[in-house]
There are 2 protein chains.
Amino acid sequence: MLAIGIDLGGTNIKSALIHPEKGILEQHSISTEADAGLEATLDRIASTINKVKESAELPVMGVGMGAPGMISLDRKSVHNPPNLPGWEHVMLADEIKKRTGLDALIENDANLMALGSARFGSGRPYEHFIMITLGTGVGGGIIFNNRIFRGATGAAAELGHVTIDYNGARCNSTVTGAVEGYLGQRFLSQRAGELIAKEPKNELFIRFNGDFEKLEPRDLSDAANRGNKLAISILEDAGNKLGFAIVNYVHTLDIRKIVVSGGVSKAGEWILKPALKTAMEQLMPPFRTDFEIIPELLGNEAALLGAGTLALENI
Amino acid sequence: MLAIGIDLGGTNIKSALIHPEKGILEQHSISTEADAGLEATLDRIASTINKVKESAELPVMGVGMGAPGMISLDRKSVHNPPNLPGWEHVMLADEIKKRTGLDALIENDANLMALGSARFGSGRPYEHFIMITLGTGVGGGIIFNNRIFRGATGAAAELGHVTIDYNGARCNSTVTGAVEGYLGQRFLSQRAGELIAKEPKNELFIRFNGDFEKLEPRDLSDAANRGNKLAISILEDAGNKLGFAIVNYVHTLDIRKIVVSGGVSKAGEWILKPALKTAMEQLMPPFRTDFEIIPELLGNEAALLGAGTLALENI
């Protein structure tokens, strides 16, 4: 049996045909056209599902879908997803069923990254791990006993909205000093820009002057690889803060394997090594045993694999 | 069937006979005499168990025991419990069985407070809640699906060792800016003392001058009740920090009922009201729904009730 995995974003609707062992058999992407409104987007989702279903050489048993925002505990509806204006409260599974005849389950996109990692990625060896997604924002997913830990209402693991400095700034979170305000791509680039602006001779200043918003974590790690001290210190500082956040998750959950994915994690060892150093200094000694930070090598495929897995294991 | 609940501390061994519905039938306390060494303490534990067992009018099915420090995943051994010198790694359940003939299970004391609250205290109405114990230190227990959430190795919910200020002080924790450094009784009193020392006319200065270590949270709340502005602001500040810590737990776990117990919580509304205010300001809007902070009215009995319950439900 196969399942269809969907990754619904504000810009693109990604879809894939998922095999329980072989993973992604085929993959597509179309634009969301969120501005055209709810009905139009639902139709676009349905048409991509129907197309993938028709191309499948084995029966398709259902659809798993990752969406931003809050998902209901029964995994059938979404509530005010960011970047999808006019959605408010949508019975998404019912709408899919009506349009495609297929049963569907919805889950938070970071939770699906974790599930995809658990079955097909770096998380495979671990019964319990914490996934941190360092992208535009910072998301999280908790795998406990090989399953997504969902909390009381399905909203667990909002790991970007954990504070490490109650006196800190409020950046794109209701929480002052939230992790997302330090590790989210936009804020990381912004802080980097402020520091680079003070060093007019730095190669990063020369390259990005006046347009630091274009600066990506990869640019910082490339510069760090060339020995650029400023880039190294910016990434070290970000890694240090990630380390503190990780200590908070680990002391709360007693889960000691941390899988890191997303665009910012492409800065790789320049962030993950200082994060490991800080965490090992700050964790209570018993928690240091078996503690590890592991990069997720799957990119966005993890979310599609997780979406397909959600359907395969739960419908 | 009855069970025996034991609360093993560095100073006292408390014991109780526990009925699954009626709770504590009788209760005792003897000194631990930790200085006499491991064997002597084990004998004292066994003799108190045997005495309680003999007095029981119904059969006793086993022993549940709360201990400080790290407990093994199988709940049979303890590892380096604080305040019990020379214990290192002790197969506590086996030692009890050898001396009393009764099966025993050990659990972290804060986890047992949570379990006691879940069956006999303020936690009773909730399938999921977070227990925060504000005592000398700050401990925690997570009840998820009516059971203790133990994490990968049984060490989950070290909630006092979660940072809210990575630049903060390191107080009795490996973690800088850990909650325990603000809310633990000793640190709260110490900070209060520093502030009171600057106000020689304040009633608290006159009463505790030079001996602020004797100042207890209750003294602050009593002064607050009399309108002492300094006491009010000290407790508000502590409550505010507790609020930030709670936001971290709630965004990680999606568990929205917080039960607070322990000596510091005796300062009651003076701490819990500002904690609630901060949490409601900082939580992401969906997490504010059904969010509550509830005081635990059971005192240390919660730990004994939890210990008995542990045995009754798991042996």
Leading residue by the ranking (nearest to the chain's Cα centre (by Cα)) among those in region B:161-175 that are modelled with pLDDT of 95 or more and part of a loop (DSSP other than H, G, I, E, B): B:V162
If I ask for residues that are over 23 Å from B:F187 (Cα atoms), without any contact (Cβ under 8 Å) to a residue 60 or more places away in the chain and either assigned to a strand (DSSP E or B) or not charged (D, E, K, R) (or both), which ones from region B:122-142 would you list? B:P125
Just a yes or no: is a residue in region A:192-210 surrounded by fewer than 22 Cβ atoms within 10 Å (Cβ to Cβ), at pLDDT 90 or above, over 21 Å from B:I142 (Cβ atoms) and in contact with an Asp or Glu (Cβ under 6 Å, 6 or more places away or on another chain)? yes
Answer from B:T174, B:T136, B:T163 - the residue that is within 8 Å of another protein chain (Cβ to nearest Cβ) and surrounded by fewer than 21 Cβ atoms within 10 Å (Cβ to Cβ): B:T174
Residue that is farthest from the other protein chains (Cβ to nearest Cβ) [pool: residues in region A:246-270 that are part of a helix (DSSP H, G or I) and modelled with pLDDT of 95 or more]: A:I246
Condition set of a type in the set (D, E, K, R) and either assigned to a helix (DSSP H, G or I) or more than 18 Å from A:E127 (Cα to Cα) (or both), scope region A:271-293, selection nearest to the chain's Cα centre (by Cα): answer is A:K273
Residues in region B:91-109: is at least one within 30 Å of A:A155 (Cα to Cα), part of a helix (DSSP H, G or I) and at pLDDT below 95? yes
(1) assigned to a loop (DSSP other than H, G, I, E, B); (2) exposed (fewer than 14 other Cβ atoms within 10 Å of the Cβ); (3) of a type in the set (D, E, K, R) all hold for B:E26 apart from (1)
Quick one: A:S77 ticks every box in (1) more than 14 Å from chain B (Cβ to nearest Cβ); (2) modelled with pLDDT of 95 or more bar one, so which box is it? (1)
Within region B:202-245, work out how many residues are in contact with a Pro (Cβ under 9 Å, 6 or more places away or on another chain) and part of a loop (DSSP other than H, G, I, E, B). 1
Verdict on A:T278 being under 30 Å from B:P81 (Cα atoms) and hydroxyl-bearing (S, T, Y): yes
Taking B:K198 as meeting all but one of (1) more than 9 Å from every other protein chain (Cβ to nearest Cβ); (2) in contact with a helix residue (DSSP H, G or I) (Cβ under 7 Å, 6 or more places away or on another chain), write down the number of the exception. (2)
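The values are calculated or read from the model by the stated rules, or taken from the named source; none is laboratory data. Since the structure is predicted, the reported quantities are computational estimates derived from the model, not experimental observations. Virtual Cβ from ideal backbone geometry, glycine too; neighbours counted across all protein chains shown.
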